[in-house]
Amino acid sequence: MSDQPLWISFVVGFIVLNVLLIGMAYMTWAERKVMAYMQDRIGPNRTGPFGLLQPIADAVKLIGKEDLIPKFADKRIFVIAPLVSFVTAPLAGLVIPFGDQVTIAGRQINLYATDINIAVLYVLALSSIGVYGIILGGYASANRYSLLGALRSAAQVVSYEIALGLSLVGVFIISGSLSLVDILNQQRQTLDLFGTGLQIPNWFIFYQPLAFVIFLIAAVAETNRLPFDLPEAETELISGFHTEYSGFRFSFYFLAEYISMIVISLFAATLFLGGTDGPIADGAWWLILKAMIFLFFYIWLRTTLPRFRYDQLMGIAWKVLLPLALLNIVVTGFVRLAFNNQLW
Amino acid sequence: MGELTATHFLLLSAALFITGMMGVLTRRNVLVIFMSVELMVNAVNVSFVGFAWEQNSMIGQTFALFVIGIAAAEAVLGLGIVMALSRRADTVDVAEVTELRD
Amino acid sequence: MTPEVLVFDILAVIAIIAGIGVVVSRNPVHSAVALVVTFVNLAGIFVMLRAEFLAAVQIIVYTGAILVLVLFVIMLVDMDDLPEFHGGAPLQRLSAIVIGLILLGEVAAAVVTRTVVGQPGPWNEETIAAAGGNVQVLGQFLYSGYVLPIQAVAIVLLVGTIGALVMARPDEITTRTRGRTTGTISLGHSRGADLVALPSGAPTARVIHREDMRDGLVMVTSADAYTEQAAWAGTDVPSEPGAAEYPTGAGIGSEENR
């Protein structure tokens, strides 16, 4: 980061933010279309060709609604709570490396906004702050069902955050660094599989399959998506912590969820699948392709699986994912010490 | 002000510590007292790390890390006590809990 | 004024204002939110002090776990409006401010006129960068010289968890042996969320007469009994299931049915 001027980092960050916002808008369209085709119907097809203007129609509708604040609600916190979720969600996209360096107008520009040496912890820290959007939203609604839904959702997010973080410790043990640019560069090498001449890329999913599975499950639970969306489902507790939010404030929560889905997909693609590494022509398109696989997986889960009950949900976090993540750390540490990563 | 020196960080730490201390001494709600104690602990952390920065040493950061860990354990137990207190005395006002005194 | 001093000034001023907000707020949730703001600003200050790992740990552990726990407890504990804000002891408030300022002046005088003692250590920016960064250096430092304190902190956290589990258990766990088994609660009734206490020693099933059917609730003491009783029956429960007469007139909870 010290090798490029600050304003270039700002410009790159601004571009990343806009890409994330547009991606989020069309993620809503993609979700509705894919869900529709999986359910043997067509989905939005009236607003523009193939329904491509549907997100704009949704935005116009949500902005045009009346801004209701309940009478006994805590006004300041009611206003701030969705903003907390909406602001911390795209900030995590600033550390994801979309490539190496390009030369534009004679300057070397890094294709990532910053390269901090604690990039992965930064993303985890942002999701920790995002919990406050949920709790404060539920509290400020002056509605006891919202409060219960918010506390449930916050407990769920905090529990799965532990599993998420611990599953990543295995990746850190192997890569020796917390910086996403370093992790990406390490995955760009090719491995010789058992010395037979079979070349596979050095992606961490081959080293950490268990951590990958735990990360995926914890990521789905972190973003409050089906099958872990009990705290915000419409039939449970009257849609939980965002019951009293309508119009644009509700859209903040809704869009924050989609942005964090996209960011976690990019994150999983960078940490486990090698990010921009591809068989031909390394570049950002491979990263986007891999992220789209994860996003499709999210939509697929939503269409297919029923919802977990709350005690089952918490049981999975504490009784299944946490012990497995700890076991993964122990085994990874042992392998690293004994074989020095030369398993293959 | 000129250059950034450790004095800046120590003044910040002192201000936060004194604010927290006044909170502990003045407020009656036990949860606000608890939060003021956390504020004091963080002020001390800032001064540890400030000294470590000035003296180019890692010991300050290590100490601050351990302080955060122990503060987590203290928070868990303290909040357990608060919940038990609220269940028994039915209040969170520390001025009302006078059983040992009377 | 260098940019670092400017950034430090902004972070420090916001942190101090939020710190005062913690102490002064009437609503404890506002205090907690102000404390979150303080902690995030302090994390920024840690980053300025070349302690990036500590900044991340501060946010993940302190803001993301401890303060969430504090917010949970605030919301689960029923709080009334304490008398401290209703004109109680303004002299105490004023003397707190005055004493605070005096103390701050004293400490500031001590800090500004201090002399540095001791030798500076080896970890300046170049050596940290050469050794791999803040996380690597801290890791080497912790796990070579400080393994025992880490184990001690782990034991303290374990003891804390067990202690919290013991303290937060409800008191009624000893009354469960006294014959109360199950109860059914009708959420369809306007007062449905009130818990109904069953008398101890009640038989497993009993015939509910209309006059002692309490506000539309049917009381049973075992799961089997419930399936044989029609919950909506307003009249005497018949002996064989399925032959209940549906009540005529107004439904459960109306004035006529009591």
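The values are calculated or read from the model by the stated rules, or taken from the named source; none is laboratory data. Here the structure is a predicted model, which is why all the values come from computation and not from measurement. With ideal geometry, Cβ positions are generated from the backbone for all residues, glycine too; neighbour counts draw on all protein chains shown.
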Note to self: Test of understanding: among B:GLY23, B:GLY2, which residue is farther than 24 Å from C:THR113 by Cβ and small (Gly, Ala, Ser)?
What the structure shows: B:GLY23
Note to self: Here are the criteria: (1) without any contact (Cβ under 8 Å) to a residue 12 or more places away in the chain; (2) part of a helix (DSSP H, G or I). Tell me which single one A:ARG46 does not satisfy.
What the structure shows: (2)
Margin query: For segment B:66-102, give me each residue that is assigned to a loop (DSSP other than H, G, I, E, B) and among the aliphatic types (A, V, I, L, M).
Written below: B:VAL92, B:VAL94, B:ALA95, B:VAL97, B:LEU100
Next item on the list: Would you be able to tell me the number of residues in segment C:109-128 that are part of a loop (DSSP other than H, G, I, E, B), under 30 Å from C:GLY139 (Cβ atoms) and either touching a helix residue (DSSP H, G or I) at 6+ places or on another chain (Cβ under 6 Å) or within 9 Å of chain B (Cβ to nearest Cβ) (or both)?
Entry: 8
Check: From the set of residues in segment A:134-148 that are crowded, with 24+ Cβ neighbours inside 10 Å and within 8 Å of another protein chain (Cβ to nearest Cβ), which is modelled with the lowest pLDDT?
Finding: A:TYR139
Check: Residues A:LEU94, A:LEU151, A:LEU121: which one is at pLDDT 90 or above, assigned to a helix (DSSP H, G or I) and either under 30 Å from A:GLY283 (Cα atoms) or within 12 Å of chain C (Cβ to nearest Cβ) (or both)?
Finding: A:LEU121
Next item on the list: Those residues that are surrounded by 12 or more Cβ atoms within 10 Å (Cβ to Cβ) and either at pLDDT 90 or above or part of a helix (DSSP H, G or I) (or both), I need them from segment A:306-322; list them, please.
Entry: A:TYR310, A:GLN312, A:LEU313, A:MET314, A:GLY315, A:ILE316, A:ALA317, A:TRP318, A:VAL320, A:LEU321, A:LEU322
Check: Which of the residues spanning segment A:154-173 are of a type in the set (Val, Ile, Thr) and within 8 Å of chain C (Cβ to nearest Cβ)?
Finding: A:VAL158
Note to self: Restricting to segment A:332-342, and then to whatever is assigned to a helix (DSSP H, G or I) and in contact (Cβ under 8 Å) with a residue 60 or more places away in the chain, can you tell me which residue is nearest to A:SER260 (Cα to Cα)?
What the structure shows: A:THR332
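Quickly run through segment A:49-84 and pick out the residues that are touching a Pro at 6+ places or on another chain (Cβ under 6 Å) and free of Cβ contacts under 8 Å to residues at least 24 places away in the same chain.
Within segment A:49-84, A:GLY51 is the sole residue that qualifies.
Let's see how each residue does on (1) under 22 Å from C:VAL37 (Cβ atoms); (2) small (Gly, Ala, Ser); (3) facing chain C (nearest Cβ under 7 Å):
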site: B:PHE17; (1), (2), (3): yes, no, no
site: B:VAL32; (1), (2), (3): yes, no, yes
site: B:PHE66; (1), (2), (3): no, no, yes
site: B:LEU77; (1), (2), (3): no, no, yes
site: B:ASP93; (1), (2), (3): no, no, yes
Margin query: Suppose we filter B:ALA14, B:ALA52, B:ALA6 for residues that are among the aliphatic types (A, V, I, L, M) and crowded, with 23+ Cβ neighbours inside 10 Å; which single one remains?
Written below: B:ALA52
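Of all residues being of a type in the set (Ser, Thr, Tyr) and within 7 Å of another protein chain (Cβ to nearest Cβ) in segment C:5-47, which is farthest from C:VAL68 (Cα to Cα)? Just the residue, please.
Among those residues, the one meeting the criterion is C:THR38.
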Next item on the list: Taking A:VAL120 as the residue in question, decide whether it is closer than 27 Å to C:VAL77 by Cβ and crowded, with 23+ Cβ neighbours inside 10 Å.
Entry: no
